[in-house]
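Asker: Below you'll find the structure I mean.
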Amino acid sequence: AQSVTQLGSHVSVSEGALVLLRCNYSSSVPPYLFWYVQYPNQGLQLLLKYTSAATLVKGINGFEAEFKKSETSFHLTKPSAHMSDAAEYFCAVSESNNNDMRFGAGTRLTVKP
Amino acid sequence: NAGVTQTPKFQVLKTGQSMTLQCAQDMNHEYMSWYRQDPGMGLRLIHYSVGAGITDQGEVPNGYNVSRSTTEDFPLRLLSAAPSQTSVYFCASSYSIAVGSGFHSEQFFGPGTRLTVL
């Protein structure tokens with residue numbers, strides 16, 4: 001079955017600094033990859049998704065992610081962090097032949113003033 | 001559209017009690033699923049359904065039952081609650097779009113139910 005590993009359960013950056021959240025996946029078939037954000041006491045909101053089109057995917061709130069098949073990675077980046085980006089971020093993978101989605105353990109992003 | 005709705009938002013149970021977590025969606029999505037979220041473990045799939053009358057087990061199905069009598073509703077039942085079931089539960093629904101030889105889905109999540117079992 002497919003799986004996702006998120007490196008780093010906590011990431012802290014200063015406001016205006018680069019955000020990099022790491023995600024590696026495992027899948028036996030071409031994967032579809034997702035990043036979700038969860039603000040405190042809320043459900044999950046889709047940031048962006050990769051579905052085998054362009055390898056560089058742009059999402060909401062200035063985030064983007066690049067699919068690298070050779071590295072089995074789908075890291076999330078944002079050039080300049082805002083205080084409002086503080087949240088928990090989840091990487092998820094589903095396979096192209098089913099709807100079963102698997103999530104990583106999550107990375108909590110803290111943004112310091 | 002209300003999207004995915006869940007009730008209740010909060011619930012406290014005693015060990016051995018039963019209850020049903022409600023989930024409904026108004027987007028006519030075929031696929032619905034239940035996840036539990038625990039600290040440091042992300043979201044784990046409990047059960048899912050690919051359409052009315054069809055359900056299947058996910059990663060952590062023990063202690064939970066589901067049914068899908070309509071497209072809109074997908075209730076999760078705890079028959080005899082245990083402290084290990086203390087968690088935040090999320091319901092999600094998704095559509096499928098054909099892409100090449102496969103298909104992909106995007107999941108829409110409800111706001112969650114925070115359950116405590118004493």
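Asker: Listed residues B:Tyr64, B:Tyr31; which is of a type in the set (Ser, Thr, Tyr) and touching a residue at least 60 places away in the same chain (Cβ under 8 Å)?
Answerer: Testing whether each residue is of a type in the set (Ser, Thr, Tyr) and touching a residue at least 60 places away in the same chain (Cβ under 8 Å) leaves just B:Tyr31.
Asker: Quick one: which of B:Leu78, B:Leu21, B:Leu43 is open to solvent by less than 40 Å² (accessible area, probe 1.4 Å) and touching a helix residue (DSSP H, G or I) at 6+ places or on another chain (Cβ under 8 Å)?
Answerer: After ruling out the rest, the residue left standing is B:Leu78.
Asker: Considering only the stretch B:1-35, state which residues are touching a strand residue (DSSP E or B) at 6+ places or on another chain (Cβ under 7 Å) and acidic (Asp, Glu). It would help to see each step written out before you state the result.
Answerer: Taking the stretch B:1-35 and keeping what is touching a strand residue (DSSP E or B) at 6+ places or on another chain (Cβ under 7 Å), we get B:3-13, B:15, B:18-25, B:27, B:29-35.
Correct list: B:Glu30 only.
Asker: I would also like to ask the following. What number goes with the only condition from (1) assigned to a strand (DSSP E or B); (2) touching a Ser or Thr at 6+ places or on another chain (Cβ under 7 Å); (3) within 8 Å of chain B (Cβ to nearest Cβ) that A:Ala105 does not pass?
Answerer: (1)
Asker: Among the residues that make up the stretch A:52-70, is at least one of them open to solvent by less than 60 Å² (accessible area, probe 1.4 Å) and among the hydroxyl-bearing types (Ser, Thr, Tyr)?
Answerer: no
Asker: Examine the stretch A:16-33 for a residue that is within 18 Å of B:Met41 (Cα to Cα), open to solvent by less than 70 Å² (accessible area, probe 1.4 Å) and within 10 Å of chain B (Cβ to nearest Cβ), and state whether such a residue exists.
Answerer: So the first thing to find is which residues in the stretch A:16-33 are within 18 Å of B:Met41 (Cα to Cα), and the list is A:21-26.
Checking which are open to solvent by less than 70 Å² (accessible area, probe 1.4 Å) leaves us with A:21, A:23-26.
Add one more test, that the residue is within 10 Å of chain B (Cβ to nearest Cβ), and what stays is none.
No: zero hits.
Asker: Being assigned to a loop (DSSP other than H, G, I, E, B) and farther than 23 Å from A:Ala86 by Cβ is the filter; apply it to the stretch A:1-15 and report the residue that is most open to solvent (accessible area, probe 1.4 Å). If you could, list the steps in order and put the result at the bottom.
Answerer: Step one: list which residues in the stretch A:1-15 are assigned to a loop (DSSP other than H, G, I, E, B), which gives A:1-2, A:8-9, A:15.
Applying the additional criterion that residues be farther than 23 Å from A:Ala86 by Cβ yields A:1-2.
Details: A:Ala1: 111, A:Gln2: 10 Å².
Only one residue fits best here, namely A:Ala1.
Asker: If we scan the stretch B:67-83, do we find a residue that is touching a Lys or Arg at 6+ places or on another chain (Cβ under 7 Å) and either over 25 Å from A:Trp35 (Cβ atoms) or assigned to a loop (DSSP other than H, G, I, E, B) (or both)?
Answerer: yes
Asker: Those residues that are in contact (Cβ under 8 Å) with a residue 60 or more places away in the chain, of a type in the set (S, T, N, Q) and surrounded by fewer than 23 Cβ atoms within 10 Å (Cβ to Cβ), I need them from the stretch A:73-97; list them, please.
Answerer: A:Ser80, A:Ser96, A:Asn97
Asker: Hey, another quick one. Is it the case that B:Gln17 is assigned to a strand (DSSP E or B) and touching a residue at least 60 places away in the same chain (Cβ under 8 Å)?
Answerer: On the way: assigned to a strand (DSSP E or B): no; touching a residue at least 60 places away in the same chain (Cβ under 8 Å): yes.
In short, no.
The values are calculated or read from the model by the stated rules, or taken from the named source; none is laboratory data. What you see is a predicted model, and the numbers here were worked out from it, not measured in a lab. In this analysis, Cβ positions are derived from the backbone assuming ideal geometry, glycine residues included, and neighbour counts consider all displayed protein chains. With ligands, DNA and RNA removed, areas are computed over all heavy atoms of the protein, side chains included. Shrake-Rupley method; radii C 1.70, N 1.55, O 1.52, S 1.80 Å.
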